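Please read the structure below before turning to the comments.
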Amino acid sequence: MMISSLAKHLHQMVQLSFLLLLVLLAGCLTVESKEYHVRLRTDHSGEATIKFINIMSESDDTVDISQEDFEHLIDFYLQGNELEKQNPGFRNVRKRLYEENGVLNGELTLTFDSLAALRLFRFDQNSPYMYFVGSPLSAEHFVESNGTFGREWMPVVFWEQDARELYVKTKVVSEVTFQKSLLEHFNNWQSKKESGPPRKTKETGARRSTQPRPGQG
């Protein structure tokens with residue numbers, strides 16, 4: 001029974017990791033790395049922040065499709081709600097894009113009511129917290145954590161039973177050689193938002209006549 005429960009939760013962890021990666025890998029988007037920051041309360045509710053570091057467009061050739069990818073990023077990630085629909089346990093979701101250290105980052109913040117919402121798991125109150133970070137065959141690989149990583153053949157991070165601050169960083173491995181940062185597109189998009197839509201010139205008064213006035217000409 002215990003083994004069956006663990007297998008079920010490992011499968012759920014894989015689903016969450018895949019969905020969060022899919023947000024940016026949809027189309028031809030990728031990232032350099034991701035950070036998961038989780039703050040747990042004693043009732044297993046809490047807050048989480050997921051950072052997508054260095055968002056890029058990638059393709060198998062040298063054709064630049066970064067503008068299309070940026071538009072996809074805005075529609076799907078920033079203004080869309082697909083991630084919320086796929087993860088009904090996410091509450092108070094907030095998303096933003098921002099520049100940091102010369103690259104474009106994304107940030108997802110949320111609250112949750114249970115460990116299952118973030119695919120965290122433990123057998124009982126005396127067991128460690130566990131989180132699956134991706135198999136050796138996946139694009140997402142473990143980098144660091146404030147927990148204990150169980151090795152490549154057991155890609156699970158463990159935290160002590162009284163842990164309240166959980167942190168994991170992963171990197172996204174891609175074999176595609178052509179990658180382009182979306183920072184320039186983001187800055188252009190920001191500039192257009194700040195300047196607003198072009199103003200229309202208002203016509204005031206009657207149109208000036210081209211005919212000579214009486215007594216002229």
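Summary of computed values
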{"quantity": "Selection count, the stretch 115-158, where residues are part of a strand (DSSP E or B) and either under 14 Å from residue 34 (Cα atoms) or within 24 Å of the chain's Cα centre (by Cα) (or both)", "calculated": "15"}
{"quantity": "Inter-residue pairs, beta-carbon under 9 Å, first over 30 Å from residue 120 (Cβ atoms) and in the stretch 45-65, second of a type in the set (A, V, I, L, M) and buried (at least 19 other Cβ atoms within 10 Å of the Cβ), 6+ apart", "calculated": "57/29; 57/73; 57/182; 58/29"}
{"quantity": "Test set (1) closer than 19 Å to residue 173 by Cβ; (2) in contact (Cβ under 8 Å) with a residue 40 or more places away in the chain - residue 151 fails condition number", "calculated": "(2)"}
{"quantity": "Residue within the stretch 26-35 that is at pLDDT 75 or above and more than 20 Å from residue 169 (Cα to Cα) present", "calculated": "yes"}
{"quantity": "Answer residue from the stretch 73-97, given it is closer than 12 Å to residue 186 by Cα and touching a residue at least 40 places away in the same chain (Cβ under 8 Å) and is farthest from the chain's Cα centre (by Cα) among those", "calculated": "74"}
{"quantity": "Boolean, residue 217 is more than 22 Å from residue 78 (Cβ to Cβ), in contact with a strand residue (DSSP E or B) (Cβ under 6 Å, 6 or more places away or on another chain) and modelled with pLDDT under 85", "calculated": "no"}
{"quantity": "Which numbered condition residue 74 misses (of (1) surrounded by 14 or more Cβ atoms within 10 Å (Cβ to Cβ); (2) outside any loop (DSSP other than H, G, I, E, B); (3) in contact with an Asp or Glu (Cβ under 9 Å, 6 or more places away or on another chain))", "calculated": "(3)"}
{"quantity": "Matching residues, the stretch 34-71, being hydrophobic (A, V, I, L, M, F, W, C) and surrounded by fewer than 16 Cβ atoms within 10 Å (Cβ to Cβ)", "calculated": "63"}
{"quantity": "Residue list for the stretch 72-100, restricted to those being more than 24 Å from residue 166 (Cα to Cα) and at pLDDT 95 or above", "calculated": "99"}
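The values are calculated or read from the model by the stated rules, or taken from the named source; none is laboratory data. This structure is a prediction, so every number in the text was calculated from the model and none was measured. No Cβ is skipped: glycine too gets one built from the backbone with ideal geometry, and neighbour counts run over all protein chains shown.
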